Amino acid sequence: MTPKSKPVYTAIRPTEHENEISLLWTPGQVLVEIAYDPGSGLCFVIRDKSGVHVALQYGNFVPLSWLEAFAGINALRLPACAVSFGSLDKLIADIRCFIHTYFDCDLETEAVAALYVLLTWVYEQCQAVPYLRFLGLWSNGKSRATEAIGALCYRATTLGGSMTSAPLFRLVDATGGTLLMDEADFVNTGVGADIAKILNSGYQRNAPVTRMEDRNGKLVPRVFQIYGPKIINGRHPFKDIATESRCLVYQPYATERKDIPLQLPQDFEDRARDIRNRALAWRFDVLDNFVVTNENVPDLRPRTIQIILPLLTITNRLGDTVRSHYRDALIAFAKRRETQLHQDVQGSLEAEIVRAYLGAKTGATCRDIRKDVLAELEDGDAQIAKWLSDKRVGAMMRNMGFETPHLKRGSTPQINPERLEELKRRFGIVTPASPGSSLTAP
């Protein structure tokens, strides 16, 4: 007798499960979403060939019970059901109106934020997604931005500063969706390194985190899926320029608008839930066939185009009367961001090391270059001075294409002229003349 085959699903959460799940998806067949109603608790909203309906169970699967504690305190924001969204133009207009009601920003950022909310509801169909990031000093609206925009996103999950490493990856793997992160809260905590791993790998598909687990006395690897959109706020840019380049960054300012409530009103959650219910219906309609379209945008670098392509794809689905407005706002925002990122790259530690190398005498060592870099730092950079050792300078230079053979005076960086010119272009470094650098002399 041929054994009965088990059904195969394209996506299921958690990655490792028994009969409790939060998501089950096979394109063209079924999409099972976990939902939460404050009055009745967890349930499933199911879209299959018979239509859309609500149920407490799907086959042998039931809602992942421990998520109810998070949903009950809005640490995890779920839709309650799926209701008609009318049209995409109407949905994005209402999303933007909600954001405008509770958060003050320029019109370009407001449009980009509305597009980002929609992106979170179809992110699984993207190879990579950008992060939405709010930077600046305290009391300038960063937390309000995260709250107002995050409340509308797909499965917005708040990572609190008191969370430890043990439940972190399990929560992310079980929920998927959008992470809301206050990175400043994690700087001096044990979970900080794990947050960094999520940020470094979580922007693209097929880059999970692996951890060893004890199962019946044996250590075995466990894979956690961490890919997904993220909204992050903090006071300082990331030290890693690569991570910073994946972010759509906006620096809020202290608002002068008198119509923005200082404390969120009682109907905030009700209004947000209504939009999530409508966004879920849009997800049911478009997720199976959502495809990111490749296109070239003049005057933008390839990396910038890559991170905004999912948002551009959403603008292409808007009606003729509003499409150009959102597209123009997104491209203007991207150009502004690219200019700022270029300035950040010019001021990065890697750029300072290349400048120090260009200004060093022949035969300069990693120690000499470190001294020159530290001489350029301001007094407030004492932490970098403590962190930047001779050995770390050598490692950073090797990552940039230098060789650091150990000679009589110490490790002496060397690089071929073509690679050096490439670094100068990357960091926007202009010199009167390129030094005669080679693999045998700096």
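The values are calculated or read from the model by the stated rules, or taken from the named source; none is laboratory data. These figures come from a predicted structure and were not determined experimentally. Note that each Cβ is placed from the backbone with ideal geometry, even for glycine, and that neighbours are counted across all protein chains shown.
When Ala196, Ala174 are checked against the criterion of being modelled with pLDDT under 90 and in a helix (DSSP H, G or I), Ala196 stands alone in meeting it.
Looking at region 344-359, can you tell me whether even one residue there is exposed (fewer than 14 other Cβ atoms within 10 Å of the Cβ), over 22 Å from Phe238 (Cα atoms) and modelled with pLDDT of 80 or more? Yes, region 344-359 has at least one match. Counting residues in region 60-74 that are small (Gly, Ala, Ser) and without any contact (Cβ under 8 Å) to a residue 12 or more places away in the chain gives one or more.
The residues listed here are Glu244, Glu269; of these, the one that is at pLDDT 90 or above and either closer than 18 Å to Gln306 by Cβ or of a type outside the set (Phe, Trp, Tyr) (or both) is Glu269.
Any chance region 150-159 includes a residue that's at pLDDT below 85 and within 26 Å of Thr210 (Cβ to Cβ)? Reasoning before the result, please.
Kept after step one, since they are at pLDDT below 85, are these residues of region 150-159: 159.
Now narrow it down to the ones that are within 26 Å of Thr210 (Cβ to Cβ): 159.
Yes, the conditions are met somewhere in region 150-159.
No other residue among Ser162, Ser139 is under 23 Å from Phe98 (Cβ atoms), surrounded by fewer than 16 Cβ atoms within 10 Å (Cβ to Cβ), at pLDDT below 80 and in the same structural domain as Tyr227 (by TED's automatic domain parsing) apart from Ser139.
Rundown of residues vs (1) closer than 27 Å to Phe238 by Cβ; (2) under 30 Å from the mean Cα position of the chain (by Cα); (3) modelled with pLDDT of 90 or more; (4) in a strand (DSSP E or B), yes/no style:
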site	(1), (2), (3), (4)
Arg370	yes, no, yes, no
Val373	yes, no, no, no
Gly380	yes, yes, no, no
Lys386	yes, yes, no, no
Arg392	yes, yes, no, no
Leu423	yes, yes, no, no
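Among the residues of region 76-107, the one identified as of a type in the set (Asp, Glu), over 17 Å from Asn277 (Cβ atoms) and at pLDDT 95 or above is Asp89. Among the residues of region 112-151, those that are touching a Cys at 6+ places or on another chain (Cβ under 6 Å) and not in a helix (DSSP H, G or I) comprise Tyr131, Arg133. The residues listed here are Val122, Val112, Val52; of these, the one that is β-branched (Val, Ile, Thr), under 28 Å from Gly319 (Cβ atoms) and outside the structural domain of Phe290 (by TED's automatic domain parsing) is Val52.
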